[in-house]
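To start, the structure under review is shown below, and the notes come after it.
Every number here is computed from the coordinates shown, using simple stated rules; none is lab data. For clarity, every value in this text was computed on a predicted model and none was experimentally measured. Note: ideal-geometry Cβ built from the backbone for every residue, glycine included; neighbour counts use all protein chains shown.
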Amino acid sequence: METIYLAGGCLWGVQAFIKTLPGVEFTEAGRANGSTHTRDGGYDGYAECVKTEFDPAVITVTELMEYLFEIIDPYSLNQQGEDIGEKYRTGVYSEKPEHLAEAEAFLKERTDYDFIMVEVLPLTNYVKSAEEHQDRLDKHPGDYCHISERLLRKYN
């Protein structure tokens with residue numbers, strides 16, 4: 001198993017989608033690459049993300065990127081759907097340089113590369129989200145999500 005962190009706006013929908021993909025063995029809602037974490041729930045500079053454990057023999061980073069691009073607007077800076085702010089930015093984070101190189105290669109192969117707002121960075125820190133955010137859309141199917149219901153269930 002390998003681990004990568006995928007940010008695509010509100011983590012509820014991203015987790016609901018990513019966990020249905022072939023080769024994804026585990027997901028966890030969290031926040032990546034922020035500057036502070038306080039006990040009162042403040043997360044300065046963090047991106048909402050999904051910690052994704054996957055089997056590289058079944059799914060590659062490139063394929064994970066292709067799936068991520070199904071559910072995000074890659075040209076939007078700090079906004080996905082109605083969710084606006086730095087924490088809703090899109091990105092790929094990893095402790096493995098080869099994951100980052102593969103994600104960058106995927107982006108650079110696109111003819112619209114210069115307009116893409118998806119950041120690809122080493123993981124500097126990660127904080128697991130509260131239990132109420134884990135698998136949120138399974139527990140509360142009517143909650144708001146920027147990802148369409150059709151896409152959320154596409155690979156189920």
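Going Cα to Cα from K128, which lysines come in below 27 Å? Please leave out same-chain ones fewer than 8 positions away.
Within the straight-line cut-off, K128 pairs with K19, K51, K87, K96, K139, K154.
As a check on your grasp of the helix formula, calculate [θ] at 222 nm for the chain: sum -39500 (n - 2.57) over DSSP H runs of n ≥ 4, divide by the residue count, round to the nearest 500.
-6500 deg cm²/dmol, from helical runs alone.
Work out from phi, with θ = phi - 60° and the Karplus expression 6.51 cos²θ - 1.76 cosθ + 1.60, the ³J(HN,Hα) of each residue of segment 21-34, listed in order in whole Hz, and give x for Gly and Pro.
7, x, x, 8, 9, 7, 9, 8, 6, x, 9, 10, 6, x
Can you list, bin by bin at 5 Å, the percent of alpha carbon pairs in the chain, starting at 0?
Per 5 Å bin, starting at 0, the Cα pair percentages come out as 2, 10, 20, 24, 23, 14, 6, 1, 0.
At 7 Å along Cα-to-Cβ for each site, give me the label-to-label distance between S76 and D138 in nm.
Those two pseudo-labels are separated by 2.6 nm.
Return the single residue from V127, V92, V14 with maximal mean-square fluctuation; model: Gaussian network over the chain, springs between Cα atoms under 10 Å.
Its mean-square fluctuation being the largest, the pick is V127.
If I build a Gaussian network model for the chain, linking alpha-carbon pairs within less than 10 angstrom, which residue out of E86, E131, E48 has the largest mean-square fluctuation?
E131
Taking Cα centroids, how far is segment 8-87 from segment 117-149 in Å?
6 Å
Please check: in the Gaussian network model of the chain (C-alpha springs, under 10 Å), which one of Y113, Y46, Y93 has the largest mean-square fluctuation.
In this elastic network of the chain, the residue with the biggest mean-square fluctuation among Y113, Y46, Y93 is Y113.
In debye to the nearest 20, how big a dipole does segment 2-152 give about its Cα centre with +1 on each Lys and Arg Cβ and -1 on each Asp and Glu Cβ?
For segment 2-152, the charge dipole is close to 260 debye.
If I take R0 = 22 Å and measure r between the Cβ atoms of E131 and K96 in this structure, what FRET efficiency does the formula 1/(1 + (r/R0)^6) give, to the nearest 0.05?
0.20
Residues of segment 54-72 with backbone nitrogen within less than 13 Å of a virtual label 7 Å along the Cα-to-Cβ line of S148, please, listed as ranges.
70-72
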